[in-house]
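The values are calculated or read from the model by the stated rules, or taken from the named source; none is laboratory data. If you're wondering where the values come from, they're calculated on a predicted model, not measured in any experiment. Neighbour counts are summed over all protein chains in view; Cβ atoms, including those assigned to glycine, are modelled from backbone coordinates with ideal geometry.
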Amino acid sequence: MIEPLPTARVWAWALVCFFVAASGLRAASEWQVPESPLRYKLELAGKPTHPSAGYFARLPDGGILPGSTVTTVVMTEDGKVIPGWLLWQNADTGFSMVFADPGSPVRAVYVYVLSGRVAQLWKPESGLTPSAILCASPGHDSLPAAQALAKLGRVEPSVHSTNHAGIPKAPFSIGGDLTGRPRPGSFYFLTYLETAEAGSYWFAPMIIDGQCEIFLDGTKLNPKERSKKWGGTGTSVDLTKGLHRVEVFQTAGGTGSYSDNKKSGGLMFLTWRPPDEDPDHIKGAGSRNGAESRVINRSEIVRSGECKLTAVESRNGAPVAVATATPDLCYWFENEDPLILYNLSALTAGQPDDATYTWTFPKEGELAGADVQWLFPGLRENTVRLTVKSAKGTSTCVVPFFGFSTRKTNLEKADQREAFRKVLAAMLEAYPHSPDPVANWSSAWWNNILRTVEGGEGYPLLLQLFTGHLDAARKKLSPGQLFALQDVLLDQTQRQNPGEALHWIQKFQPDASSASRRNELKLREGEIQMYDFNDRKMAEKTFADLAGPGESSERAKVRLGDLAFLEGDLNKATGFYADVQRRARARRNAAPSLAGSLVADQLVQGGPAQPAQPDWRSSPPAAQNPLKTGGGPEQKHGALQEVSLSENVRTLIADNFLLEARQALLAWEIEFPLSKISGDYILRESAFHMKMGDWKRARPMLEAYCRQIDASGFLPAAASMLIACVEGAKETPSPALIATLGKVKDRLKYHPVAADLDRFLSAAGKPSN
Amino acid sequence: MKIALANKVICSALAATFCTGTLLAGDGTGEAGFVPPPRELKKPPAPPRVASSAETVLACCCCPVTPMSRTEAKKPPQPPVLITKIKEEGASTK
């Protein structure tokens, strides 16, 4: 397996060492190897189990290294040369190497890169015993491919290595490709085992899948069945006390994930029985009938130390682009493409002070900053390019990686929903206008927007989506999905900038293919005129224009009632509300129940995210259905339903289901509009707006309620909420408001809320009597 | 005293009469149209296995390669848990 060490290479390496030593000891801040254009600084993070195991390091390239080969010189900060050897290298991902343990006082080393030299590959004769290094070559299912990895040196870009012995249950094992790449694959596992004493060792490899060859100190093991017991197929080898090299060549055929094999999971693990252990008393035997061997303990496996890359510097002070892509949250549902949030970090240590960092995503734009986030499709190869610029030059590197994350993600957590929205908003801002990458989004992108969008949240995302990518949204979303997202944007725009909301309504008009949608937008326009611009005449005209059959007309009548309520005409308001409620009562028995599932679920399934609506065409006119006015089962039923609606809205708001609460409020309003006067509708509606931080929208109806309702069980709560609205909006109370609250206080002077009213009125400048 | 004793005797005699009648007439299992009750109540079918969407592709705790997990979906709103005490009208409050 291992090539003999060429004499020329030994001499070349000796010359390099001599030159470096002759250059004298220099301080760490100085460039210790003058002919090296670039150096990595490594922090020694984890000590090796044995001094000879040295340290294993993986160092990035991606375009920053000169030439196609890598030769390195490892030095401590005080100038001591440390022997080091290359393991695998390619110009895309970088190289891995092993170097000797510099001793306990040393906490960091420099790895200088030399160009134009022959790479010094690790050999067993080098004296170092790197272990346990698993090298994987995805895409190949053959022993020759695995054996090629043992030759070290240049490899394909997809080849990757890591210091990983196994898992706690099988400390010496190959489970599969740890980067998440699917089958097929070939593996080379370079390890050393420590034997506590000389003697005959029984080795019993357990091959679960694929082909496997194991070499012990360069000699192939040929297992034969000795008994039917667990571990009974193996071979005995006489070993001396000390470290022994074990090399495993493993293949994995087929396709798909390595974790698809439910019965086992994994490719192979190695078991043994040391000479001093009795087969009848082997610890951890895997069978009730006794065993011939046991799994190799973690303490018996030699492991090299770990390093952490802390800086990359160039000799001339020019910037060097080095980046890491760390997987984070994973948004993966059903048969959709997984979308993985990656944290992209540029290595800033050692870079010029004026360095700027730009990330380029193929065909998807650019982001600036040393640390950014981006969503990548999972289970496929991805790349990102980092460019670092300063007055001293420009450096670029390409980071290739396979989209894979083991981070558990739960959309029950608000921060994990917000993370998706936030990153996607930044991506949309970075996207080029033409060609629009959104046009090529799979359903996973759209569905995750629908799943994570919330009432009162996601404004930056929806603003970006509808500003620059409206055409793509129109093509990819169903009308129900499009309208739902438009409504969420309008809700928030109305709160922040009502004028802009009117502009958006005009922009959304062409999408309103049905009369009901057009009326909804018209209603919203009237609400903005009523609540935000206080233009009640215009609002009245807008609502009055929505006459005719259908829900929009009924809702317009409710809004006319609201207008009358705001203007202080309680009788007129009651007239509108009673008219609507009478017809609703006639229809009630035919009305379907309220939707019980999440708005997001309805949208993802392509259903309408609208409140359940009765068939208005078949609803009998109110005049033909005189309603009973006396108390009876119908009234009891209505009262129960009203309480149920109120309680439903309350719990939905408390649990942050704001889109669902909005639906429930709309359904409640059209069924029992009189609840605005005689019930707690206004309290619930205000709580909904306050939960979204929309104090301005919650206040007018509360103020009207406190002004016009002389006495009710809900008045104290309405007064408290009105105070909260004024304080939340940080507004100066108007004289009219002070007068209203003063009268409420007079009516509730013996109620606990009077103390709050006193405090508020005193602060507002009105004497509290 | 005598009346109480007489009531007891009468009740016992009536009960014995009814039981004797039942024993002599049989329990009716042999009559036409009698459908015997099932000996063992048939258990309802097991509910379908509820698999969380966050379960990994492989339900194997010893898998050496950690698989990528599906995302846990947001759950729909749940009704509040109601706890109430039902008191029968006229029942003792002790």
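Brief remarks follow.
- When each of A:133, A:167, A:207 is tested for being within 12 Å of chain B (Cβ to nearest Cβ), touching a strand residue (DSSP E or B) at 6+ places or on another chain (Cβ under 9 Å) and aliphatic (A, V, I, L, M), the lone residue that passes is A:167.
- The condition (being assigned by TED's automatic domain parsing to the domain that holds residue A:243 and modelled with pLDDT of 95 or more) is satisfied by just one residue among A:292, A:300: A:300.
- On inspection, residue A:102 fails the criterion of being touching a residue at least 24 places away in the same chain (Cβ under 8 Å), part of a loop (DSSP other than H, G, I, E, B) and surrounded by fewer than 18 Cβ atoms within 10 Å (Cβ to Cβ).
- Within the stretch A:686-706, the set of residues being surrounded by fewer than 20 Cβ atoms within 10 Å (Cβ to Cβ) and either touching a Ser or Thr at 6+ places or on another chain (Cβ under 7 Å) or in a loop (DSSP other than H, G, I, E, B) (or both) comprises A:693 only.
- Scan the stretch A:486-538 for residues that are over 27 Å from residue A:600 (Cβ atoms) and outside any helix (DSSP H, G or I) and the total you get is 3.
- Top-ranked residue of the stretch A:384-409 - restricted to ones that are hydroxyl-bearing (Ser, Thr, Tyr) and within 14 Å of chain B (Cβ to nearest Cβ), ranked as surrounded by the fewest Cβ atoms within 10 Å (Cβ to Cβ): A:406
- Set A:252, A:165: member being in contact (Cβ under 8 Å) with a residue 40 or more places away in the chain, among the hydrophobic types (A, V, I, L, M, F, W, C) and closer than 23 Å to residue A:291 by Cβ: A:165
- Scanning the stretch A:371-428 for residues that are under 30 Å from residue A:313 (Cα atoms), small (Gly, Ala, Ser) and not in a strand (DSSP E or B) gives A:391, A:403.
- Top-ranked residue in the stretch A:206-232 [being acidic (Asp, Glu) and farther than 23 Å from residue A:192 by Cβ; ranked as surrounded by the most Cβ atoms within 10 Å (Cβ to Cβ)]: A:209
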